[in-house]
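The values are calculated or read from the model by the stated rules, or taken from the named source; none is laboratory data. None of the values given here were measured: they were computed from a predicted structure. Backbone-built Cβ (ideal geometry, glycine too); neighbour counts: all protein chains shown. Heavy atoms of the whole protein, side chains included, go into the accessibility calculation; ligands, DNA and RNA do not. Shrake-Rupley method; radii C 1.70, N 1.55, O 1.52, S 1.80 Å.
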Amino acid sequence: MHDWWIALLASTIGRISYVPIPLVSYRQHATNILGSVNRSGLAFIFSKMVRGDRSPTLETYRQAAQLLTAYGDHIQPTVYAEIDAFASLAHRRKYSRIWLILKHRTLKQTFARRAYQLLRA
């Protein structure tokens, strides 16, 4: 969530640039609470549907609302409207969430993640 927060700030208030050299070492171990997982294919969709935990998704909606509260005065109006629509997903009905996700193109990157996102919206 910390990396996501920094990316949100950079993309709305500053800018995101590519740095071609590694600046930190990333390590993954069996007891990580968060981290890299295989997010592709039917196995991913099935495991997410069975587990049914929407809390990470809800947390991204809350984080978007917090971004508007903290930095809304510095965000361009068109960008503000998109972030506001995303933050509002936490309080909307399923079909309204799906419609807004598609309207604002806030879809995940892979087919499996998009499928899960729309199924669990």
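Counting heavy atoms of the protein chains alone, LYS94 has an accessible area of about 70 Å² for a 1.4 Å probe. At a Förster radius of 41 Å, what calculated FRET efficiency corresponds to the Cβ-Cβ distance of ARG120 and VAL19, to the nearest 0.05? So, using R0 = 41 Å, E works out to roughly 0.75. Using R₀ = 25 Å, calculate the FRET efficiency as 1/(1 + (r/R₀)^6) where r is the Cβ-Cβ separation of PHE111 and SER11; round to 0.05. The calculated FRET efficiency here is 0.60. For ALA70 and LYS94, the difference between the fully extended length at 0.36 nm per residue and the C-alpha to C-alpha distance is 5.9 nm. Split the accessible area of the range 63-121 by element, probe 1.4 Å, and carbon with sulfur accounts for 53%.
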